[in-house]
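Reading through the structure tokens given below for one structure.
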Amino acid sequence: MEFYDLNIQLEDLEELDEVIEMAKRLGYSGIGLIEKYANLDRFNKIREKAKKTGDLRIIPGIEVGAEGVRELKRAISKAKKHSNFIIVSGGEYKINRAASEDSRVSIISHPEYKRSDSGVDHVIAKFASDNGVAIEINFHEILETFRKIRSFVLSHMRLNVELAQKYGARVVINSGARGKWDMRDPRELAAIGQILGMNLEDSMNSVSEIPKSIVR
Amino acid sequence: MAKDRPKTLPPTMRENKRYLAFELISEEKLEFGDIVNAFWHSLLNLVGETGTSQANIWFVKDMWEESNQRGLIKCDNNYVEYVRAALALIDRIGDKRVIIYTLGVSGTMKAAKRKFFGERTLEDFETESSNT
């Protein structure tokens, strides 16, 4: 089985080789290295690196964030010129909604980020399903929170999983790593999926078949 | 004279247990006690006191290998995924960054020793020698 972690956002590009080594050790077949659109020079460096990494596939992607819907659409159009793999930084309801309606978007990242609700409703789940946009479970969100806040984050993610399953939207589980120490074994990420209400098959698909189909 | 402890339960009344072999990646080699404390803290945070009581956790101290930082945890079979998640949620022990991942799950300690700790029994040697 091939495993993919499609959301690694390095704080320090010097760590790139170590991240690649760690990904190989943890059994990944491919990793998505994501850069913000503003950091196109870093994105180009990753793209250069991606050409010469042997058996580990590196997928350079662009993260798009915006304050409003029009700005988001414009940013997606610009990002699309550089990469087919576009992640939208979720959190705002209208951004989550606009991303779910746009088939150019691959993943809505952390839709529940800094919210008091899950950030996804039945409308977004339905659009995401129709447009092939995946909803992300970001492990870094769980790792970085504690106690009460973590319980809220888990609860919101559980609701997102439930909605995605009901409306047939795809769910991907990513580490959201900022460096090599935030990376986790794919089977451990699948375990997070299971405690959020997925069955074994779905949770394993969320770290293997679904991300693989996104970056095919 | 009766022993001062309960008799071993019949097989159907015993807990259904699993053994999880794990490996730790860290900046420096760590001691068994530190990992145990970090794990209990992580599991209690994740599933609370009731969940932890149902998980029936037991660290097998004899199986801790300091050289390659591998160990074995016994838990209830319904809590395997929670134990995995609790291991994944440990990112720091003391001031050292860590990643803990499971090597696999086994139903008996004997199988766990053979699969994940490279232990070989006399039977293994006999089957190997008969094959060659």
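The values are calculated or read from the model by the stated rules, or taken from the named source; none is laboratory data. What you are looking at is a predicted structure, and each value in this text was computed from that prediction instead of being measured. All Cβ positions, even for glycine, are placed from backbone atoms using ideal geometry, and neighbour counts span all protein chains on display.
Can you tell me which of B:Ile90, B:Ile100 is under 20 Å from A:Leu154 (Cβ atoms), touching a helix residue (DSSP H, G or I) at 6+ places or on another chain (Cβ under 8 Å), assigned to a loop (DSSP other than H, G, I, E, B) and of a type in the set (A, V, I, L, M, F, W, C)?
Details: B:Ile100 fails: assigned to a loop (DSSP other than H, G, I, E, B).
Only one candidate qualifies: B:Ile90.
When the residues of the stretch A:150-170 are filtered to those that are in contact (Cβ under 8 Å) with a residue 40 or more places away in the chain and of a type outside the set (A, V, I, L, M, F, W, C), which remaining residue is surrounded by the fewest Cβ atoms within 10 Å (Cβ to Cβ)? Steps first, please.
Step one: list which residues in the stretch A:150-170 are in contact (Cβ under 8 Å) with a residue 40 or more places away in the chain, which gives A:153-154, A:156-157, A:159-160, A:163-164, A:166-167, A:169-170.
After this cut, where a residue has to be of a type outside the set (A, V, I, L, M, F, W, C) as well, the list is A:156, A:160, A:166-167, A:170.
Details: A:His156: 22, A:Asn160: 27, A:Lys166: 12, A:Tyr167: 17, A:Arg170: 21.
Step by step, filter the stretch A:150-170, then rank; the result is A:Lys166.
Go through the stretch B:73-85 residue by residue and tally those that are more than 9 Å from chain A (Cβ to nearest Cβ) and not in a strand (DSSP E or B).
Residues that pass the stated criteria total 3.
Within the set of pairs 6 or more residues apart or between chains, which connect a residue that is crowded, with 17+ Cβ neighbours inside 10 Å inside the stretch B:28-47 to a residue that is in a helix (DSSP H, G or I) and hydroxyl-bearing (Ser, Thr, Tyr) with Cβ atoms less than 8 Å apart?
B:Leu43/B:Thr52; B:Leu43/B:Tyr82; B:Leu46/B:Tyr82; B:Val47/B:Tyr79; B:Val47/B:Tyr82
Can you pull out every residue in the stretch B:103-117 that is surrounded by 18 or more Cβ atoms within 10 Å (Cβ to Cβ) and assigned to a strand (DSSP E or B)?
Restricting attention to the stretch B:103-117, the residues satisfying the condition of being surrounded by 18 or more Cβ atoms within 10 Å (Cβ to Cβ) are B:103, B:105-106, B:112-113, B:116.
Result: B:Leu103, B:Val105, B:Ser106.
Residue under question is B:Ile57, and the condition is that it be of a type outside the set (Phe, Trp, Tyr) and within 14 Å of chain A (Cβ to nearest Cβ); does it hold? Reasoning before the result, please.
Numbers: of a type outside the set (Phe, Trp, Tyr): yes; within 14 Å of chain A (Cβ to nearest Cβ): no.
Considered against the rule, which asks whether it is of a type outside the set (Phe, Trp, Tyr) and within 14 Å of chain A (Cβ to nearest Cβ), B:Ile57 comes out as no.
So which residues in the stretch B:77-94 are crowded, with 24+ Cβ neighbours inside 10 Å and basic (Lys, Arg)?
B:Arg84, the sole residue that qualifies.
Mind listing just one residue for me: the one in the stretch A:179-204 that is free of Cβ contacts under 8 Å to residues at least 24 places away in the same chain and more than 8 Å from chain B (Cβ to nearest Cβ) and, of those, nearest to B:Asp91 (Cα to Cα)?
Residue satisfying both the conditions and the ranking: A:Ala190.
For the condition outside any strand (DSSP E or B), away from every other protein chain (no Cβ under 14 Å), touching a residue at least 12 places away in the same chain (Cβ under 8 Å) and out of contact with any Phe, Trp or Tyr (no Cβ under 9 Å at 6 or more places or on another chain), what is the one hit in A:Ile58, A:Ile87, A:Ile95?
Numbers: A:Ile58 fails: outside any strand (DSSP E or B); A:Ile87 fails: outside any strand (DSSP E or B).
Residue meeting the stated conditions: A:Ile95.
Could you list all residues from the stretch B:96-119 that are over 11 Å from B:Arg70 (Cα atoms) and either within 14 Å of chain A (Cβ to nearest Cβ) or aliphatic (A, V, I, L, M) (or both)?
B:Lys96, B:Arg97, B:Val98, B:Ile99, B:Gly104, B:Val105, B:Met109, B:Ala111, B:Ala112
Search the stretch A:125-149 for residues that are within 13 Å of chain B (Cβ to nearest Cβ) and in contact (Cβ under 8 Å) with a residue 24 or more places away in the chain and pair each with any residue that is among the β-branched types (Val, Ile, Thr) and assigned to a strand (DSSP E or B) when their beta-carbon atoms are under 9 Å apart and the residues are at least 6 apart or on different chains.
Sorted first by the residue in the stretch A:125-149, then by its partner, the pairs are A:Ile137/A:Val171; A:Ile137/A:Val172; A:Ile137/A:Ile173; A:Phe139/A:Ile173.
Within the stretch B:39-54, can you find the residues that are touching a strand residue (DSSP E or B) at 6+ places or on another chain (Cβ under 8 Å) and modelled with pLDDT of 95 or more?
The first filter runs over the stretch B:39-54 and keeps only residues touching a strand residue (DSSP E or B) at 6+ places or on another chain (Cβ under 8 Å), leaving B:39, B:54.
Listed by number, the list holds a single entry, B:Phe39.
Where the second residue is among the β-branched types (Val, Ile, Thr) and in a strand (DSSP E or B) and the first is touching a residue at least 12 places away in the same chain (Cβ under 8 Å) and farther than 14 Å from B:Asn16 by Cα and lies in the stretch B:50-67, which pairs have Cβ atoms under 6 Å and are six or more apart or on separate chains?
B:Phe59/B:Ile73
Does any residue of the stretch A:162-174 turn out to be among the hydroxyl-bearing types (Ser, Thr, Tyr), more than 14 Å from chain B (Cβ to nearest Cβ) and over 22 Å from B:Leu24 (Cα atoms)? Talk me through it step by step, then tell me what you get.
As a first pass, look at the stretch A:162-174 and keep what is among the hydroxyl-bearing types (Ser, Thr, Tyr): A:167.
Now restrict to residues that are more than 14 Å from chain B (Cβ to nearest Cβ): A:167.
Retained after the next criterion (residues that are over 22 Å from B:Leu24 (Cα atoms)): A:167.
Looking for residues that are among the hydroxyl-bearing types (Ser, Thr, Tyr), more than 14 Å from chain B (Cβ to nearest Cβ) and over 22 Å from B:Leu24 (Cα atoms), one finds at least one in the stretch A:162-174, hence yes.
Quick check, is A:Val19 within 14 Å of chain B (Cβ to nearest Cβ) and not polar (S, T, N, Q)?
Details: within 14 Å of chain B (Cβ to nearest Cβ): yes; not polar (S, T, N, Q): yes.
In short, yes.
Do you know which of the residues in the stretch B:15-54 that are among the charged types (D, E, K, R) and in a helix (DSSP H, G or I) is nearest to the other protein chains (Cβ to nearest Cβ)?
B:Glu49
Does any residue in the stretch B:2-20 that is at pLDDT 90 or above come within less than 6 Å, Cβ to Cβ, of a residue that is hydroxyl-bearing (Ser, Thr, Tyr) six or more places away or on a different chain, and which pairs are these?
Cβ pairs passing all conditions: B:Tyr19/B:Ser106; B:Leu20/B:Thr102.
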